[in-house]
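What follows is a short report on a single structure.
Readers should treat all values here as calculations from the given coordinates under stated rules, not as data from a laboratory. These numbers come from a predicted model, not from an experiment. Cβ atoms come from the backbone with ideal geometry, glycine included; neighbour counts cover every protein chain shown.
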Amino acid sequence: MHSKPRILIARAISPEVVERLQQHFDVQSNQEDVVWSPQELAQQLQGKDGVLTTGSQRIDAALLSACPQLRIVANMAVGYNNFDVPAMTTAGVQGTNAPDVLTETTADFGFALLMATARRICESEHYLRAGQWKDWRYDLFAGAEVHGSTLGIIGMGRIGQAIARRGAHGFGMKVIYHNRSRLDAALEAECQARYVGKQELLSSADHVMLVLPFTQENHHTIGEAELAQMKPTATLINIARGGIVDDAALARALRERRIAAAGLDVFEGEPVVHPDLLTVPNVVLTPHIASATQGTRSAMAGLAADNLISFFAGKGALTPVNRLA
Ligand code: 8YV
């Protein structure tokens with residue numbers, strides 16, 4: 001009888017998914033949720049055939065050459081910029097991600113962050129908790145309008161489209177978008193979104209929402225020059241990836257009120273946050289939790305597990321990000 005494939009679950013996930021994997025594999029699980037260094041991860045991966053991991057663990061040539069037995073890396077995230085995809089393909093390692101299952105939850109959060117930012121919810125809560133609320137005031141935490149305003153979405157994949165629908169159908173927003181490629185006419189009509197150039201988007205949107213994947217080309221898609229094109233009353237929301245925004249330039253623009261406010265769920269160099277962002281009041285900061293609901297986390301882990309099960313059953317990965325020869 002063949003022995004079962006050996007799997008590492010590199011971060012703590014729900015016990016149900018661990019149990020399901022145990023029915024198929026010889027499982028080692030990091031249920032203590034130790035955050036391993038790349039060297040420690042390589043050590044833990046010795047003799048493993050597959051791994052279920054998250055977007056915060058880098059899978060690169062050095063790790064792959066230290067783990068020659070590894071055949072598949074299942075990411076519990078839709079983004080996979082933690083993968084060096086060419087190195088994985090060269091090493092014959094299958095990569096998979098977790099699309100679709102988190103689309104609506106992440107779009108909900110994008111909207112929550114937009115609402116909190118535009119309506120200054122966190123700033124006003126701090127004020128209240130600090131005992132500063134003495135009386136009604138005409139312009140107390142007067143924020144930016146959301147309904148009927150112009151929403152500019154950069155990155156019109158599944159999550160971008162889900163945000164467009166919320167904006168257009170739920171809030172009567174005028175939705176414009178910029179993307180590598182234009183959506184087909186039917187999808188544009190359904191999202192009630194109009195394709196525009198990046199410059200037009202930046203200069204006409206009241207709220208700019210970033211939902212694009214992180215690639216080398218997208219590094220600092222929003223920097224000093226782009227911030228200068230935005231309206232002084234505009235808000236910027238980043239639920240995509242740190243590195244898409246130049247955080248130092250953003251902190252300066254916020255401090256000097258060159259844009260009104262920002263809502264950020266992702267950061268360059270996270271979990272370390274640029275110190276200047278921590279001291280400006282007009283920014284809402286959250287620790288990369290856009291997909292974090294009980295149900296969606298379990299669906300993400302479940303899909304990563306299904307990828308491992310299908311792959312080792314010889315049926316191929318369900319949501320592969322590379323094609324092996
Ligand atoms: C993950 C994400 O929680 O799916 C993604 O791309 O950014 C988040 O949903 C994070 O990457 C950890 O895996």
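Name the shape class, rounded, prolate or oblate, that the alpha-carbon gyration tensor gives for the range 1-136, where a ≥ b ≥ c are the square roots of its eigenvalues, rounded holds for a/c under 1.5, and otherwise prolate holds if a/b is larger than b/c and oblate otherwise.
Here the range 1-136 falls in the prolate category.
Quick one: grab the alpha carbon gyration tensor of the range 174-311, order the square roots of its eigenvalues as a ≥ b ≥ c, and give me rounded if a/c is under 1.5, else prolate or oblate depending on whether a/b is larger than b/c.
Cα axes put the range 174-311 in the oblate bin.
In what sequence do Ser14, Ser203, Ser181 fall when counting other Cβ within 10 Å, fewest first?
Ser181, Ser14, Ser203
Using θ = phi - 60° and the Karplus curve 6.51 cos²θ - 1.76 cosθ + 1.60, what whole-Hz ³J(HN,Hα) does each residue of the range 250-259 get, with Gly and Pro shown as x?
So the Karplus estimates, Gly and Pro as x, are 5, 4, 5, 5, 5, 4, 8, 6, 6, 10 Hz.
Between His220 and residues 5 or more places away or on another chain, which pairs have amide H atoms under 5 Å apart, with H built 1.01 Å from N, and which residues are they?
For His220, whose amide H was placed from the backbone, the distant partners under 5 Å are Ile244, Val245.
For Glu125 paired with Arg194, estimate the spin-label separation in nm (one decimal), with each label point 7 Å from Cα along the Cα-to-Cβ line.
Placing both labels 7 Å along Cα→Cβ, they lie 3.6 nm apart.
Please count, across the chain, the pairs of lysine residues with Cα atoms under 30 Å apart that sit 8 or more places apart or on different chains.
The number of close lysine pairs in the chain is 6.
Where in the range 86-119 does the label zone of Asp184 land, with the point 7 angstrom along Cα→C-beta and an amide N cut-off under 20 Å?
100
Starting with the fewest neighbours, write out Val18, Val34 ranked by other beta-carbon atoms found within 10 Å of each beta-carbon.
Ordered by Cβ neighbours within 10 Å, fewest first: Val34, Val18.
Can you list residues whose amide H is under 5 Å from Ile237's amide H, if they're 5+ apart or on another chain and H is modeled 1.01 Å from N?
Those lying under 5 Å, H to H, from Ile237 are Val208, Met209, Leu210, Gly263.
Test of understanding: what is the full-extension gain from Gln23 to Ala225, defined as 0.36 nm times their sequence separation minus their Cα-Cα distance?
Here the answer is 67.3 nm.
How do Lys174, Lys315 rank when sorted from fewest to most other Cβ atoms within 10 Å of their own Cβ?
Least crowded to most crowded, the residues run Lys315, Lys174.
Quick one: which residues, 5 or more positions from Ile59 or on another chain, have an amide H under 5 Å from its amide H? H modelled 1.01 Å from N in the peptide plane, none for Pro or chain starts.
Amide H to amide H, under 5 Å and 5 or more residues apart or across chains, Ile59 pairs with Phe83, Asp84.
Could you give the length gained on full extension between Ser14 and Arg255, defined as 0.36 nm per residue of separation minus the Cα-Cα distance, in nm?
Value of the extension gain: 82.6 nm.
Using θ = phi - 60° and the Karplus relation 6.51 cos²θ - 1.76 cosθ + 1.60, list the HN-Hα couplings for the range 205-212 in order, rounded to whole Hz, with x at every Gly or Pro.
Working through the residues one at a time gives 7, 7, 9, 9, 10, 9, 9, 9 Hz.
How many nm is it between the label spots at Thr279 and Ser56, if each spot is 7 Å from the Cα in line with the beta carbon?
Using points 7 Å along Cα→Cβ, the separation is 2.6 nm.
Once you place label points 7 Å from the Cα toward the Cβ at Trp36 and Ser3, how far apart are they in nm?
The modelled label-to-label distance comes out at 1.8 nm.
Please list 3J(HN,Hα) in residue order for the range 175-181, calculated via the Karplus relation 6.51 cos²θ - 1.76 cosθ + 1.60 where θ = phi - 60°; whole Hz, with x for glycine and proline.
Each residue's phi maps through the Karplus curve to give 9, 10, 9, 10, 7, 3, 10 Hz.
Test of understanding: extend the Cα→C-beta vector of Ala87 to 7 Å, then name every residue of the range 300-321 with backbone N under 18 Å from that spot.
321
With no solvent and one point on each alpha carbon, what is the Debye value of log10 I(q)/I(0) for the chain at q = 0.10 Å⁻¹?
Results for the chain at q = 0.10 Å⁻¹ read -0.64.
With the cut-off at 1.5 for a/c, could you classify the range 150-221 from its C-alpha gyration tensor as rounded, prolate or oblate?
Judged from the Cα gyration tensor, the range 150-221 comes out prolate (a/c at least 1.5, a/b above b/c).
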